[in-house]
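Contents: one structure, followed by commentary.
Derivation of every value follows stated rules applied to the coordinates shown; laboratory data play no part. Note that the structure is predicted; figures quoted are calculated from it, not measured.
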Amino acid sequence: TWNTTFHKIITVVNIPNSSEPSSYRLFDNYPNPFNPVTNLEFGISELGFVSLKVYDILGKEVKTLVNEIKQAGNYKVQFDGSSFASGVYFYELRSGDFVARKRMVLLK
């Protein structure tokens, strides 16, 4: 008999850059469509509270990827959709007055 335990790991990486972003940006995820992992990248121009959340097609929050104070810089987060159904999802970045949403497609 085999007992197996699986753990999901979310990795947040500060991408070194010679200059800090001059504005807030949320980039298109890649790959898109994806199965089961995709990369979400964003840039923030100043220190502040940042949230990056994933929502299903009905607008229900299904995952919080970032929910903390971040320094100005560029960041990359991996989203693992292996426990989610195929379909359209939205990811939303909020920091200060900045809000941006993008669409991604999980195909299994």
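Below, the figures for the structure above:
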| read-out | value |
| --- | --- |
| Sequence-separation-based contact order of region 12-106, relative, with Cα cut under 8 Å and 6+ spacing, percent | 34 percent |
| Anisotropy class of region 12-106 from Cα gyration tensor, a/c 1.5 cut | prolate |
